[in-house]
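Here's the structure, in structure tokens; my notes come after.
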Amino acid sequence: MTSNSAKQNWPARYKALSATSRHPCIQHFYQSAVNDLNLPISEVPLVALDFETTGLNFDKDDIVSVGLVPFTSKRIYCKDSAHWLVQPRQKLDEESIVIHGITHSELTGAPDFSSIIEPLLAALAGKVIVVHFAPIERHFLYQALNARLGEGLEFAVIDTLELERRALKAKQGLLGRLFNSKLGSVRLADSRTRYSLPAYQNHNALNDAIATAELLQAQLAYHYRPDTELSQLWF
Amino acid sequence: MQAEHIDIAQFLSDHAPFDDLPEVAINKLASQIEIAYFRAGTEILNYGDDIADLYVIRTGAVEMYRRDGELYNRLTVGGIFGQMGLLMNRKVRFPAKALEDTLVYCINVELFNQYCDEYEPFADFFEADGNVRLHQAIVEQADSNDLTTAKVKSLLHRDVVTVAKDATVQFVAQLMTQESVSSVLVTDADKPISDDPDDDDGQVVGIITDRDLRSSVIAQGLSYEAHAQQIMQTDLVLLDSNAYVFEAVLAMLRDNIHHLPVVIKKKPIGVISLSDILRYESQSSLLLVRGILAQQSVEDLAYYARQLPNVFVRMVNEDANSHMIGTAMAVIGRTFKQRLLDLAEEKFGPPPVPYCFIALGSMARDEQLIVTDQDNAIILDNSFDESLHDAYFQKLADFVCDGLAECGYKYCDGEIMASFKKWRLTREQWQEQFASWIAEPKPQALLHSSIFFDLDGVYGKTKWAEELKRFIAKEGRSNKRFLANMAANARNRTPPLGFFKDFVLEHNGQHKRSMNLKRRGTAPLSDVIRVHALAIGSRKQNSFERLEDIIDAKLLPEGKAQDLRDALEYIAMIRIRHQAWQIEKLDEAPDNDLEPHLLSPFEQRNLKEAFAILDKAQNFLKFRYSANSGVK
């Protein structure tokens, strides 16, 4: 697993992982991964990913829904989006029902995560994954796969939360940092308001994935040039 | 799997034209949409780019521009753009720019076409099946706050007047008089409005206008006890209250109707008439003018010009007066020239020396009707060098005159056109020319006087035309001999009245026994008025405006100028109605030859009265402007 601070050499890492991975879907993911560090962001195929989980403890909690939407810096393709509900191993507690509104009855009949592994990895393959707050998607996906296939998945991400923090820090400036002024919220909804993006009513994994994709488009339009290299943005 | 996009679907279902789609269609559309973000100030569409999507604004604001950079439209949340490009040639027609941070939903053209095919109201919204060129013309007239963005409901200024289908026609007429409306809607209580249990009038099933009372009741000798449903027109085009004004215009043009009932879910709330729209647009000619400026080639212009007769007829039917119609037609004629000159300069490059293109005769006077010759000329800069520059202006003038001919403005028989070298003179040469016409009036000058002494700058250095007008006003008024000659000239064409005040008819081509209302009516009247205007140094060109100056100058005995005005208006209106009738009813080329037996005895009497005023005015000229008269 990688941490936020250490800058991973992803092309090398993908190469190494594809040599040791066993499951064909995972192997395919590594082999088809975008591995050109200098690719301008305007040419990078992206996919926004969002999970809803039973809680935030990734040793104990589990995924209940997955949403994703492929996009580029110019267009978000809803027709290729996907949204799955999956059966968590733990029962939903009242708290998480309140958070994402998914109820027990909706999950009745939902399949186990193992049944979506194939379409999920196929949708992610060949694209750079974009999330808002990387640890959730990284850890939960690693755990969910590891539990079922005996091997996890490592992947580079562009984290819109991280990009927002950078942007706010740049705006805060040296004086602001010296006097430790407040940075401002980097939550998804709050970040979106800075770019006049609409407030979405329905929170589910798919909507949040689209919301994340829109946020990245806005951040790129505001803070980066179209030829900004991929290596500047992912980690 | 088909993912559900609840937020997008919800947004679409709140905005036209998607709100008319069934839920399943909205959901499908939502799942197919593409999304794009544009930071404030960035370009969304560039002119001429390929376009493959319809754009719906989710948040933000977008401005659209014409190619020349002029603001064309400003749209905000729910606004739709790109449809013109999709309907025309898949090229961006209007560049679009994000005014604020903007998120747009994009619907690709295949999906757009599919929805137009499957859902009629959706297609209607874009008029994809209508006359695209006409649609384009109307749409392109739009500014941010007019026809395209205004809703018809904004034109409804009074409550709807309805009658039951079994009301008597006398009651209908009484109600219309009492409410001073020109139309009423007929409702059928047997067809209740499903959404409104309280409503007991029922749905609209017909409309009755003034004209129906005339043609279906009085003309047919129908009993006043007859029921409304016997005379109502039932082929109704209903307009939703949320329809745009331009859709109303389209419907009126397409179906040739003048009253459109406006409904909210079948419940009538008012009637839009053509005059409402004309009043709203203040100058109906504006519609056509903007369309002319949008045409990109002579062919397009010629095609576009084919609707001119309809515009003319429409104005006549809407009781516009001759001044309004003349002005509108002149503005339109001027705009054709301007657009042709734009195109000529695009084709041949910028002019080597500055110039001014001028209109002469009726167009300069704003008295142009539907049948007209092109009379025009060019004023060139004094630095004009024939050997260097003439080839350019010959090409330019040929292009414009040929183009005008294609648009229906016939070549001038008298060769008074810019394509003849003798009518392309420098500023100095024009002054000399006018000076010699004024100082030494020869027969040739007399011939030209009625055309050249009405002039108006159309394009280029139009102030040079003003300069010439000032020169003529100054030189003309002080030259008694010139005025005497102009006066004699103005008496050449006499009104068609015999000794016993009966009409004198001429044999004229296929029109046996007719009188020419222009040559023997409006033209000599304009001639008379011009002489008076020159005598007081008025620089006005339009006859009615000249008459105002003449009244102010107290040049004529009390009431005489007003008589001239009434006579001109009356003869002009007979002429205009005659032409409209030829276009509309006979479907033939309009002319100026009227057979008087087509007029009612009352109209004949009035017309004779008008001609008598012309006759007296011509006699007065003789007395007023004799070359050796001492009378000031």
Output the number of the condition that A:Asp227 fails; it satisfies all remaining conditions of (1) more than 12 Å from the chain's Cα centre (by Cα); (2) assigned to a helix (DSSP H, G or I). (2)
Would you check if B:Val313 is in contact with a Ser or Thr (Cβ under 9 Å, 6 or more places away or on another chain) and either under 25 Å from B:Phe544 (Cα atoms) or at pLDDT 70 or above (or both)? no
Return yes when A:Ile129 is away from every other protein chain (no Cβ under 14 Å), out of contact with any strand residue (DSSP E or B) (no Cβ under 9 Å at 6 or more places or on another chain) and within 16 Å of A:Leu68 (Cβ to Cβ) and no when it is not. no
Would the range B:387-407 turn up any residue that is among the polar types (S, T, N, Q) and free of Cβ contacts under 8 Å to residues at least 12 places away in the same chain? yes
Considering only residues that are on the phi > 0 side of the Ramachandran plot and more than 7 Å from chain A (Cβ to nearest Cβ), look in the range B:22-64 and name the one that is farthest from the chain's Cα centre (by Cα). B:Gly41
Hits in the range A:68-91 - residues which are part of a loop (DSSP other than H, G, I, E, B) and aliphatic (A, V, I, L, M): A:Val86
Requiring at least 2 residues that are touching a strand residue (DSSP E or B) at 6+ places or on another chain (Cβ under 9 Å), the helices (runs of 4 or more DSSP H) wholly within the range B:543-626 are B:560-581, B:601-624
The conditions are (1) under 28 Å from B:Val531 (Cα atoms); (2) not in a helix (DSSP H, G or I), and B:Trp437 fails exactly one of them. Which is it? (2)
In the range B:92-111, residues that are more than 14 Å from chain A (Cβ to nearest Cβ) and of a type outside the set (D, E, K, R) total 5
Consider B:Phe623 carefully, then state whether it is farther than 28 Å from B:Ala359 by Cβ and not basic (Lys, Arg). yes
Quick one: in the range A:195-226, of everything that is farther than 17 Å from B:Ile57 by Cα and at the interface with chain B (Cβ under 7 Å from one of its Cβ atoms), which residue is surrounded by the fewest Cβ atoms within 10 Å (Cβ to Cβ)? A:Gln201
The condition from (1) closer than 21 Å to B:Asn489 by Cβ; (2) in a helix (DSSP H, G or I) that B:Arg539 misses is numbered (2)
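The values are calculated or read from the model by the stated rules, or taken from the named source; none is laboratory data. From a predicted model like this one, the values you see are computed outputs, not experimental measurements. When we count neighbours, we look across all protein chains shown, and the Cβ atoms used for this are built from the backbone with ideal geometry, even at glycine.
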